[in-house]
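Data first, discussion second: the structure below is written as structure tokens.
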Number of protein chains: 2
Amino acid sequence: MHVLIVLAHPERKSFNGQLVDRAIATLAAAGHTVELSDLYAMDFDPREHPRHYTSRACLDRFDVQLEQRAAAENRSFASDVAAELDKVWRADLLVLQYPLWWYQPPAMMKGWIDRVLAYGETYTSRLRYDCGKLKGKRAMVSVTLGGPAATYAHNGRNGDIELLLWPTQMTMHYVGMTVLQPFAPADVFGDAIDPDVQAVLGEHLDAFERHLSDIDSLPVVPFNGWSDWNDKGQLLPSAQDHSLFMRQLR
Amino acid sequence: MHVLIVLAHPERKSFNGQLVDRAIATLAAAGHTVELSDLYAMDFDPREHPRHYTSRACLDRFDVQLEQRAAAENRSFASDVAAELDKVWRADLLVLQYPLWWYQPPAMMKGWIDRVLAYGETYTSRLRYDCGKLKGKRAMVSVTLGGPAATYAHNGRNGDIELLLWPTQMTMHYVGMTVLQPFAPADVFGDAIDPDVQAVLGEHLDAFERHLSDIDSLPVVPFNGWSDWNDKGQLLPSAQDHSLFMRQLR
């Protein structure tokens, strides 16, 4: 298996960076090959922007989907996006590694999603969800949480972590990927040097190693697909409900 | 009232830009003053990054919260963040205007949140939620949705819009702001020139004008606060539940 890890953290020595080091070692030891996109080291530009399009489909007005589709058809993506797409296409598993900032991915990670998962290239209006163009690949979110685990429960002040990860995981499903159970350790503070905190982080590293070693037996996060919706995009009464709305009631 | 509108869209002529124009006209006509941060026009850098800190609290390792707190104490924020904070502090109402991309704000908007809502300046570990440092100010999300309205219902394939906006709205509550009912028009396609689509967009503009004209009577989005949680950060049995988990059951 070939793995692409995308890392979005401004400090390579951070715990997010340590998780990546452990992932690379674990996956390599199991015989897999691994590629890393360290977005901060690459100085990746997360802004979807007209200046990234050297050949514009429409000069009068910048329409993101129109330009993405034209770039996909003409193979004229900006070099940084083209390089990321090459990595995505050759990967069997995509791992997104980032800290949860303000309940969502950092701008750097969000921009990789905005720019790389381009219309025409990774999906079209017909080829999305269970028919997405990246069908056959797997994806996993690995996200560090700054607060205590109890606060990410359904009644916690940070909100249910499964609901908080839904938008990012649904994005992976949208382009056709099979979404594996996420790794979401809590109590991760930036640069803690307290021995108790270090012990917790060490346990997280070991848990991540086990998580990645079990990759073929990890549960798949369920999402609905085309056959579950009516022509208004709403669930059919006969469909099993994997919506954001229903998930937490399981 | 003084209003700060933050716009994150790469095309000023887009419908997002048109909503901003209507907002400015509507608010000015009602006697309010308005300031606009057009993040693309400003070429705002959404990446929280060590290079933005000219005076580092710790050179060995870049810790975001540590550096933000030190910058707040020493008044040493990067000039772009300092300028945005000046605007935030003088505003009575903050309006975030953006298109929903991949169920979340574009990287440009997320980066404004990551960098400007700085630790020490807008919140501390004690001064957050209903005690957040921006207490007394109001905030409103105005977000355009590319899909049909029915798909953002609780049983729709895009998910309940109220749940999708929770992370961004909770962020505003976290720094102490009162969150007003959002404006979230659906069926907004990038550069539609179809007369039927233009008619829909025209109705959205009029609806936004009414929304902003009713600003003092708009419902407030409820969130829990310190008195609702136990010392583990979980809801007390006596508290009314405004969590992400419970909201959609109303």
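The values are calculated or read from the model by the stated rules, or taken from the named source; none is laboratory data. As the structure is a prediction and not an experimental result, all values here were calculated from the model. We place every Cβ from the backbone using ideal geometry, glycine too, and count neighbours over all the protein chains shown. Accessible surface areas use protein heavy atoms only, side chains included; no ligands, DNA or RNA. Shrake-Rupley method; radii C 1.70, N 1.55, O 1.52, S 1.80 Å.
Quick look at the numbers
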| item | result |
| --- | --- |
| Of residues in the range A:123-141 being among the small types (Gly, Ala, Ser) and within 16 Å of A:Thr178 (Cβ to Cβ), the one most open to solvent (accessible area, probe 1.4 Å) | A:Gly136 |
| Test set (1) of a type in the set (S, T, N, Q); (2) within 11 Å of another protein chain (Cβ to nearest Cβ); (3) touching a residue at least 24 places away in the same chain (Cβ under 8 Å); (4) in contact with a Ser or Thr (Cβ under 7 Å, 6 or more places away or on another chain) - A:Asn155 fails condition number | (3) |
| Of all residues making up the range B:101-120, the number that are within 24 Å of B:Asp21 (Cα to Cα), at the interface with another protein chain (Cβ under 7 Å from one of its Cβ atoms) and touching a residue at least 24 places away in the same chain (Cβ under 8 Å) | 7 |
| So B:Tyr98, is it within 12 Å of another protein chain (Cβ to nearest Cβ) and on the phi > 0 side of the Ramachandran plot | no |
| Residue tally, condition small (Gly, Ala, Ser) and open to solvent by 50 Å² or more (accessible area, probe 1.4 Å), over the range B:197-232 | 4 |
| Test set (1) out of contact with any Leu (no Cβ under 8 Å at 6 or more places or on another chain); (2) open to solvent by 30 Å² or more (accessible area, probe 1.4 Å); (3) more than 10 Å from chain A (Cβ to nearest Cβ); (4) under 26 Å from A:Trp166 (Cβ atoms) - B:Leu165 fails condition number | (2) |
| Entirely in the range A:159-250, the helices (runs of 4 or more DSSP H) that have 2 or more residues that are at pLDDT 90 or above and among the hydroxyl-bearing types (Ser, Thr, Tyr) | A:161-174 |
| Cross-chain or 6+ apart pairs with Cβ under 8 Å, the range A:73-91 first and more than 16 Å from A:Val3 (Cβ to Cβ), then β-branched (Val, Ile, Thr) and open to solvent by 40 Å² or more (accessible area, probe 1.4 Å) | A:Ser76/A:Thr54; A:Ala78/A:Thr54 |
| A:Gly136 more than 13 Å from chain B (Cβ to nearest Cβ) and without any contact (Cβ under 8 Å) to a residue 60 or more places away in the chain | yes |
